[in-house]
Each structure stands twice: as structure tokens, then as C-alpha cells.
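For reference, the structure discussed in these notes is given below.
Just so it is clear, none of the values below were taken in a lab; they were calculated from the coordinates. Just so it is clear, the model here is predicted, and its values are computed rather than measured.
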Amino acid sequence: MKIRYITFSLLLGLCSQVLSAESGVHERSIQGTTLQGTPVNTQGKVTYLKFWATWCRYCIEEMPHLERLYNDRDPSLEVLSINIGLNQSPQLVKRFLDKHDYQIATLFDHDGSITRNFNVIGTPTHILLDEHGNEIYRSALIDESLQRALSAYLPKEYSHD
């Protein structure tokens, strides 16, 4: 009976994910306070999210790119780094950011709720949301498609490494 219940719960969860993915409607916003102490509310803003961790090699390699994008973007683009919080602490992440002098707005996902809300299953994950919170782009790594999706919010001369 217990196995049947677990199997049913897993299937129900999978079906709800498939149905929500097919509908294309994912109105989501993020509200919170960054590790830098700044309040964040993405409601009504085009938002670029990067989910990452200090133990993720690709995530660390991409941080200089993310910092440049954060500094060079059009003000109409909200850029947030989301530390997934798994085996991390806010103090550890803050030390990492300070050590490298990163100013990127960073949220620490204490309980994994942001990660779950966006169905993130690995790091790095890049997500671009329109002003209604609908997901319009997702990728595991920085690629040309992501650059094209972000190009409207960056100076013409912007290029990535």
C-alpha cells in the first residue's frame, strides 16, 4: 500500500509538471532580501536568474560573465544570482562574493523554495522571465541562444567570454 501511494504521488507530481509546462503559463516573481541587504521584487520586470553554488565549477567559471552582465545591463533588466543553499551558508556565499568583489544581487535560497518554484534540478541553470514572470528561456550553460535572448538589454558592443 505504501509503495502504491508513493508511486501515485510521483506520477501525480510528474503529470502536474507536464501540464504546467504544456500550458506555457508560469507567472512567478521573487521577493526577498539579497545577501547585500537590498530588497528585491521581480514582479513586473524582465528578470534573468542564475542558479548556482560555490562548489559548482561551471558556476564559478561563469561568475565574471554574470558580474559584467549585471553591471552593463539596461536598468529594465533585473539580474539575480540565486545560490541554491545546498550544503552552503549565507556567510560562506557572502565571503565568496566579497573575495572576488562581485556586486551581483544574490539571494540565498535557505529552504530551496525558489529552486523548487522554478523546477531547477542542477547548477548552473539560467532562466529568463518576461515582465509577467513567464519563462521565455532556460539553459544549463551560457550559450549563444542565451546571449541573443539577453541582447535587447545589453549594450551593442557587449560580448561574452
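Between residue 125 and residues 5 or more places away or on another chain, which pairs have amide H atoms under 5 Å apart, with H built 1.01 Å from N, and which residues are they?
51
In whole Hz, what ³J(HN,Hα) sequence does region 43-55 give by Karplus (6.51, -1.76, 1.60; θ = phi - 60°), x for Gly and Pro?
Working through the residues one at a time gives 4, x, 10, 5, 9, 10, 10, 10, 8, 7, 8, 5, 8 Hz.
Can you give me the long-range amide H partners of residue 136? Hydrogens built in the peptide plane at 1.01 Å from N, cutoff under 5 Å, separation of 5 or more residues or another chain.
128, 129, 130
Once you have the Kirkwood Rh of region 27-151 from its Cα pairs, apply Stokes-Einstein at 10 °C and 1.306 mPa s and quote D in µm²/s.
110 µm²/s
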